[in-house]
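A short worksheet on the structure shown next.
The values are calculated or read from the model by the stated rules, or taken from the named source; none is laboratory data. Keep in mind it's a predicted model, so treat the numbers as computed, not measured. Note that we place each Cβ from the backbone using ideal geometry, even for glycine, and neighbour counts take in every protein chain shown.
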Amino acid sequence: MRHFCGREMGAPLTRREMLARCANGFGAVALAALRADPAFAAPGDLPRAPHHVPRARNVIFLYMDGGPSQVDTFDPKPLLARHDGEDPRKAIGKIEPTQFEQNGTVLKSPWEFARHGRSGLWVSSLFPHVARRADELCVIRSMVAPFPEHTTANYFLHTGFGQQGRPSMGAWAAYGLGSENRNLPGFVVLNGGLIPPGGLDNFQSGFLPASYQASLFRPTGPPVANIDPLEKLPGGQERKADLVRFLDRSARERFGSDPAFEAAVANYETAASMQLSVPELMDPAGETAATRALYGADSPNAATAVYGRQCLLARRLVERGVRFVELTCPNIPGADRWDQHGKLKKGHEDNAMAVDRPIAGLLADLKARGLLEQTLVVWAGEFGRTPFAQGKDGRDHNPFAFSIWLAGGGVRGGTVYGETDDWGYKVAKDAVEVHDLHATMLHLLGVDHTKLTFRFGGRDMRLTDVHGVVLDEILA
């Protein structure tokens with residue numbers, strides 16, 4: 001028995017089939033219903049309505065892989081200098097077990113702190129350029145992490161769960177709100193050269209449709225494999241696309257629809273659109289020399305130049321409606337990300353040199369173009385570092401307290417939230433969990449984190465699980 005579209009009764013009807021075969025009033029109503037259901041949406045779909053009026057339309061996540069030291073960046077602790085070289089068990093008191101148990105003496109910061117901007121925000125001399133944007137920053141000094149090891153901490157920071165397999169926060173944002181550009185994916189990762197511990201699972205869609213996983217772009221050379229057509233004969237690519245569409249249609253008619261199949265088709269359709277939009281996106285011809293200099297995109301320091309191009313591309317992506325953009329760190333020879341178990345001074349200085357000017361340039365450029373108020377910028381690693389040495393000149397992992405900052409997108413700039421103890425070792429006031437950060441990010445995007453759910457494994461899943469509190473105190 002067949003229904004009105006000529007399909008066998010009981011065979012699932014796809015969104016594309018409905019559009020192609022059921023172009024009548026009832027079909028249009030059903031199509032509209034499907035388009036309103038995020039589970040059926042592709043990255044190029046129109047944006048969906050938020051739960052409340054959003055403060056931000058896009059997110060740029062500046063991921064500081066490895067865990068920057070809070071007491072060397074945004075949380076000054078003069079007590080460390082007074083007790084430098086002392087046994088931490090006598091000076092600080094009880095010391096929690098660390099990953100490598102090579103605990104040395106109390107270690108003062110090698111860098112000076114100073115107040116900056118009208119707000120008087122404390123910033124380390126590691127970041128002279130970012131310090132000039134102090135009045136845009138909201139520093140959270142009281143972050144805590146449930147894991148002291150990179151892979152699990154990375155999964156938790158990105159997905160709200162300490163094991164692989166869950167959707168990344170970028171995938172949740174694209175799932176909940178869609179993309180504002182039909183020709184670009186809703187979630188893009190600009191890979192500067194380092195994939196964090198845990199690998200690509202940090203950027204996956206998990207149990208969400210595969211169309212919401214991140215697209216990885218390189219900041220130099222071809223950004224995506226095969227972005228340039230390989231067919232040289234006139235009309236060759238068009239004939240190949242026609243063949244693929246015919247095979248897709250034949251597969252549906254023979255076997256029916258399948259969510260994984262539909263997600264793959266959606267990804268291919270987005271890829272085809274990207275062949276038109278990405279070359280223009282990556283072309284710097286429209287950027288002035290002054291803009292490139294602002295970002296450090298042509299810096300003689302190779303890492304600075306790479307990250308400068310990443311930050312410039314991030315601005316161009318949010319200009320074009322991409323919902324969530326994440327930047328990974330550049331590969332710096334001799335510096336193991338921000339993970340300085342030894343050679344703290346050289347490692348943190350090399351990493352800061354790579355990102356300081358580009359990040360300050362990004363904030364300044366977004367503000368000058370009127371984009372900062374609608375773009376939420378987040379700077380964060382997966383945990384912090386100990387206030388005492390590992391060995392003689394490093395710091396071990398510290399999940400008990402670390403600093404991050406947010407800017408733009410409805411956040412109160414020039415402010416500090418939360419406090420650590422006198423050593424910067426543990427949170428003393430207003431602890432903030434990763435679930436709280438995720439809830440706040442979604443809130444600024446106009447999404448109620450308790451309502452953004454996906455049915456999987458017999459229950460409604462969400463980025464914040466059963467946790468998360470919006471940090472109203474940091475909202476403008």
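Note on region 168-184: among residues that are in contact with a helix residue (DSSP H, G or I) (Cβ under 7 Å, 6 or more places away or on another chain) and among the hydroxyl-bearing types (Ser, Thr, Tyr), the one that is farthest from Tyr63 (Cα to Cα) is Tyr175. Scanning region 152-172 turns up at least one residue that is assigned to a helix (DSSP H, G or I), more than 16 Å from the chain's Cα centre (by Cα) and not aliphatic (A, V, I, L, M). Taking the criterion of being under 13 Å from Gly361 (Cα atoms), in a helix (DSSP H, G or I) and of a type outside the set (S, T, N, Q), the residues of region 290-305 that qualify are Ala290, Arg292, Ala293, Leu294, Tyr295, Ala305.
Considering region 444-460 alone, what residues qualify as being touching a residue at least 60 places away in the same chain (Cβ under 8 Å) and either under 20 Å from the mean Cα position of the chain (by Cα) or in a loop (DSSP other than H, G, I, E, B) (or both)? Once the filter is applied, which keeps residues that are touching a residue at least 60 places away in the same chain (Cβ under 8 Å) and either under 20 Å from the mean Cα position of the chain (by Cα) or in a loop (DSSP other than H, G, I, E, B) (or both), region 444-460 yields Leu444, Leu445, Gly446, Val447, Asp448, Lys451, Leu452, Gly457.
Among the residues making up region 461-476, those that are in a helix (DSSP H, G or I) and among the acidic types (Asp, Glu) are Asp472, Glu473. The C-beta contact set for region 321-348 (first residue farther than 23 Å from Val59 by Cα, second residue aromatic (Phe, Trp, Tyr) and modelled with pLDDT of 95 or more, distance under 9 angstrom, 6+ apart or interchain) comprises Lys345/Trp111; Gly347/Trp338; His348/Trp111; His348/Trp338.
For region 296-311, the tally of residues that are farther than 20 Å from Asp65 by Cβ and buried (at least 24 other Cβ atoms within 10 Å of the Cβ) stands at 1. Of the residues making up region 373-426, just one is of a type in the set (A, V, I, L, M) and touching an Asp or Glu at 6+ places or on another chain (Cβ under 7 Å), namely Ala407. Residues of region 162-179 being buried (at least 24 other Cβ atoms within 10 Å of the Cβ), among the polar types (S, T, N, Q) and under 25 Å from Pro148 (Cβ atoms), which ones? Passing the criteria: only Ser168.
In region 423-437, which residue that is part of a loop (DSSP other than H, G, I, E, B) and of a type outside the set (D, E, K, R) is surrounded by the most Cβ atoms within 10 Å (Cβ to Cβ)? That would be Gly424. Scanning region 142-189 for residues that are farther than 24 Å from Val466 by Cα and not polar (S, T, N, Q) yields Glu180, Arg182, Leu184, Pro185, Gly186, Phe187, Val188, Val189.
Residues in region 76-118 that are more than 30 Å from Cys138 (Cα to Cα), small (Gly, Ala, Ser) and in contact (Cβ under 8 Å) with a residue 12 or more places away in the chain: Gly85, Ala91, Gly104. Count of region 394-422 residues, restricted to those that are in contact with a strand residue (DSSP E or B) (Cβ under 8 Å, 6 or more places away or on another chain), touching a residue at least 40 places away in the same chain (Cβ under 8 Å) and either within 9 Å of Met143 (Cα to Cα) or in a loop (DSSP other than H, G, I, E, B) (or both), is 15.
Answer with yes or no whether Val377 is surrounded by fewer than 24 Cβ atoms within 10 Å (Cβ to Cβ), in a strand (DSSP E or B) and of a type outside the set (Asp, Glu). Taking the combined requirement at face value, the residue does not satisfy it. Here region 181-209 is the region considered, the condition is being over 21 Å from Met64 (Cβ atoms) and surrounded by fewer than 18 Cβ atoms within 10 Å (Cβ to Cβ), and the residue that is modelled with the highest pLDDT is Phe207.
Given (1) at pLDDT 75 or above; (2) part of a helix (DSSP H, G or I); (3) among the hydrophobic types (A, V, I, L, M, F, W, C), where does Ala241 come up short, assuming only one miss? Result: Ala241 fails condition (1) only.
Within the span defined as region 190-203, every residue fails to be farther than 21 Å from Arg48 by Cβ, in a loop (DSSP other than H, G, I, E, B) and of a type in the set (Phe, Trp, Tyr).
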